[in-house]
Number of protein chains: 2
Amino acid sequence: MDLSHFAHQAKGYLMPIGGAEDKISQRLVLNRFVQRCGGSNASLVVIPTASSMSAESGSRYCKIFSELGARHVECLNIQHRHEANDPANSALLDNASGVFLTGGDQVRLVAHLGGTLLGDKLSACFASGLTVGGTSAGASALSQHMIAYGRSGASPSQRMVQLSPGLGLTTRITIDQHFRQRDRLGRLMTAVAFNPSVIGMGLDEDTAVVISPDNTCEVIGSGSVTVVDGSQLEYTDIYSVKGHGPIATLGMKLHVLTSGYRYHLESRQPEPPMQTTPVIKQ
Amino acid sequence: MDLSHFAHQAKGYLMPIGGAEDKISQRLVLNRFVQRCGGSNASLVVIPTASSMSAESGSRYCKIFSELGARHVECLNIQHRHEANDPANSALLDNASGVFLTGGDQVRLVAHLGGTLLGDKLSACFASGLTVGGTSAGASALSQHMIAYGRSGASPSQRMVQLSPGLGLTTRITIDQHFRQRDRLGRLMTAVAFNPSVIGMGLDEDTAVVISPDNTCEVIGSGSVTVVDGSQLEYTDIYSVKGHGPIATLGMKLHVLTSGYRYHLESRQPEPPMQTTPVIKQ
């Protein structure tokens, strides 16, 4: 199936960003997030918990979102699990139209929010229509099967990727970030090879995917998004490769999408931008 | 939430077994599986794909289930993904009342079934009421967040456990097996520390859990089941520990349950066997 397709009955938009998005010039990606959350009506909560310099990171995004026209912006700098279990903190989400998760370390973020009142509230609000964006670690953490750690390299190999349970706002996609910049195709293919029911999505820096409740993904930003689709995988030896050896995968399908391209999670079909026939990009 | 709680609207029973269950004497655990599937009306499909000696393993379980009174038993020995995508094979599940996954290697099993027609069919039939049992690797594979690999030891440490997407028939529980025999508490605690929204359940050999559609777990067999509940976790440093260093976890709750004890996944409450007050076992 998987049974997890129920998660896609959620009414909220997801917006993973590949990290290092433009924060000073056009700010196309961050502006899109604010617009998606209601523009001048946007009421945003920034959660900078992933960052080791969370106060600075939180303030910076709050400032940017205010400059981009959001009506209300608040920083929820969770540093302990008991804060994530404090009803006063999770109540901040009640009137929010968007939540933004900063970069840093996705394991740190999930270790603070996973299984807490705030973690549950985030899922519930997302199901009811909240937009949730995240950059870098904040993007990875959106996945049900989250990439916690990994090694660089273009080819899949054993023990190259360590998965852990993420915030689970998308169960279909395992998100990777800083993708081209940090040479992460191998680890994403390894993640998909374990169980091709999961779609791998690698986001370059300054590049984002806007995932709508109908499971359509739209690419925006200056880089590419690499989709790893294992639904036609004929064979992999992932279960027999020892140590850190290279893994064979036969029939893995890749799409590289740039700004304006779409991808449909249900049908696993890519779609060129606003044309009825495929285009060759100049 | 998590959103994955929808998976628990499934109507099927799950029956993970900790491996090395009695196959020659009383066969209490395997008999319970047959009874759960309808006893003399049971129509069973054994999938021995996890095993490196799958033909032998498949025949052995088919023979046992026949001896235990099942009306019809069939072996579906998938060895290639194209076989798992063959509609004739997945059609075998149409009239089955139970599916049994043998031991072996859970990574091998999921690499063959994940994202295939048969994998999807198994989930769909489980949602409609099919009973699914699995022993050892076949138990691990039932989890959404599956333990793929790991090291032994009583205390959690970094890189001690490698998770990957399993068959996803239970999204709440990460199942471990041969639990006491192979000293696996540390790796299960590590798995839960990543994200305490997941409940860890470690099954000793010759011990099983019968999970009903209402999310009640009943323990049967000669050993124990260890439940690792991180919902009250106050703090963990899992995100900052380097290399293979030891991980601190404050406030992790453990239950050790034996035959007849129950555990409720929704409320995370254990329950002594059929008494209104707690009993001290003799």
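First select every other residue whose beta carbon is under 15 angstrom from the beta carbon of B:Gly39; then total the charges, Lys and Arg +1, Asp and Glu -1.
+3
What are the label-to-label distances in nm, one decimal and shortest first, from B:Gln181 to the same spot in the other copies, with labels 7 Å along Cα to Cβ?
4.9
Quick one: putting +1 on the C-beta of Lys and Arg, -1 on the C-beta of Asp and Glu, what dipole do you get for chain B around its Cα centre, in Debye to the nearest 20?
The dipole magnitude comes to about 280 debye.
Percent of accessible area on segment B:144-282 owned by carbon and sulfur, 1.4 Å probe?
Carbon plus sulfur share of accessible area: 51 percent.
What residues of segment A:222-237 lie in the reach of a label at A:Asp22, counting those whose backbone N is under 14 Å from a point 7 Å from the Cα along Cα→Cβ?
Counting backbone N atoms under 14 Å from the label point, the list is A:222-224.
Given 5 Å bins starting at zero, what is the percent of C-alpha pairs of segment A:1-145 in each, up to the one with the largest pair distance?
All Cα pairs, binned at 5 Å, distribute as 2, 10, 21, 26, 22, 12, 5, 1, 0 percent.
Need the per-residue list for segment B:148-187: every residue with at least 30 Å² less accessible surface in the complex of protein chains than in the chain by itself, probe 1.4 Å, sorted by number.
When all protein chains are present, B:Tyr149, B:Arg159, B:Gln162, B:Leu163, B:Ser164, B:Pro165 each give up 30 Å² or more of accessible surface.
For a quick check of your reading of the filter: which trypsin sites (Lys or Arg not before Pro) in segment B:40-97 sit in a DSSP loop and have no more than 16 other Cβ atoms within 10 Å?
B:Arg71
In segment B:231-257, which residues become less accessible by 40 Å² or more once every protein chain is in place, relative to the chain on its own, using a 1.4 Å probe?
With the partner chains in place, segment B:231-257 has these residues losing at least 40 Å²: B:Tyr239.
Ballpark to the nearest 100 Å², how much total accessible area do B and A bury together, probe 1.4 Å?
Answer for the B-A pair: about 4100 Å² buried.
Below 14 angstrom from the Cβ of B:Ala91, what's the summed charge of the other residues (Lys, Arg +1; Asp, Glu -1)?
Around B:Ala91, the charge tally is -4.
How large is the Rg to Rh ratio of segment A:125-243 when both quantities use alpha carbon positions and Rh follows Kirkwood?
Using only Cα positions, Rg/Rh for segment A:125-243 is 0.96.
Taking a point 7 Å out from Cα toward Cβ as the label site, list the nm distances between A:Gln9 and the same residue in every other copy, smallest first.
Label point to label point, same position, other copies: 0.3 nm.
For a label point 7 Å from the Cα of A:Asn215 along Cα→C-beta, name the residues of segment B:117-159 whose backbone N is under 15 Å from it.
B:117, B:120-121, B:124
Can you say what percent of the DSSP beta bridges in chain A, counting only those with both residues inside, are antiparallel? Round to 5.
Here the share of antiparallel DSSP bridges comes out near 60 percent.
Kirkwood Rh, Cα Rg: Rg to Rh for segment B:3-82?
We get a ratio of 1.01 for segment B:3-82.
Give me the distance in nm between label points sitting 7 Å out from Cα along the Cα-to-Cβ direction at A:Ser59 and B:Ala55, one decimal.
7.1 nm
Between B:Gln79 and B:Glu234, take the C-beta separation as r, use R0 = 30 Å, and let me know the FRET efficiency to the nearest 0.05.
E between B:Gln79 and B:Glu234, to the nearest 0.05, is 0.05.
Give the Debye-formula value of log10 I(q)/I(0) at each listed q (0.07, 0.14 Å⁻¹), with one equal scatterer per alpha carbon of chain B, two decimals each.
After summing over all Cα pairs, the log10 values are -0.23, -0.95.
Averaged per residue, what accessible area in Å² does the protein assembly as shown show with a 1.4 Å probe, protein chains only?
36 Å²
A drop of at least 50 square angstrom in accessible area, chain alone versus all protein chains together, probe 1.4 Å. Which residues of segment A:191-221 meet that?
A:Phe194, A:Asn195
For the pairs A:Lys11/A:Lys63; A:Lys11/A:Lys121; B:Lys11/B:Lys121, flag any whose C-alpha to C-alpha distance is greater than 21 Å.
The pairs that break the limit, which is 21 Å between Cα atoms, are A:Lys11/A:Lys63.
Would you please give the FRET efficiency between A:Gln181 and A:Asp94, computed as 1/(1 + (r/R0)^6) with r the Cβ-Cβ distance and R0 = 41 Å, to the nearest 0.05?
For A:Gln181 and A:Asp94, the calculated efficiency is 0.65.
The values are calculated or read from the model by the stated rules, or taken from the named source; none is laboratory data. This is a predicted model, so every value here is computed, not measured. So basically every Cβ, Gly included, is an ideal-geometry build from the backbone, and we count neighbours across all protein chains shown. To get the accessible areas, we keep the full protein, side chains included, count just its heavy atoms, and leave off ligands, DNA and RNA. Shrake-Rupley method; radii C 1.70, N 1.55, O 1.52, S 1.80 Å.
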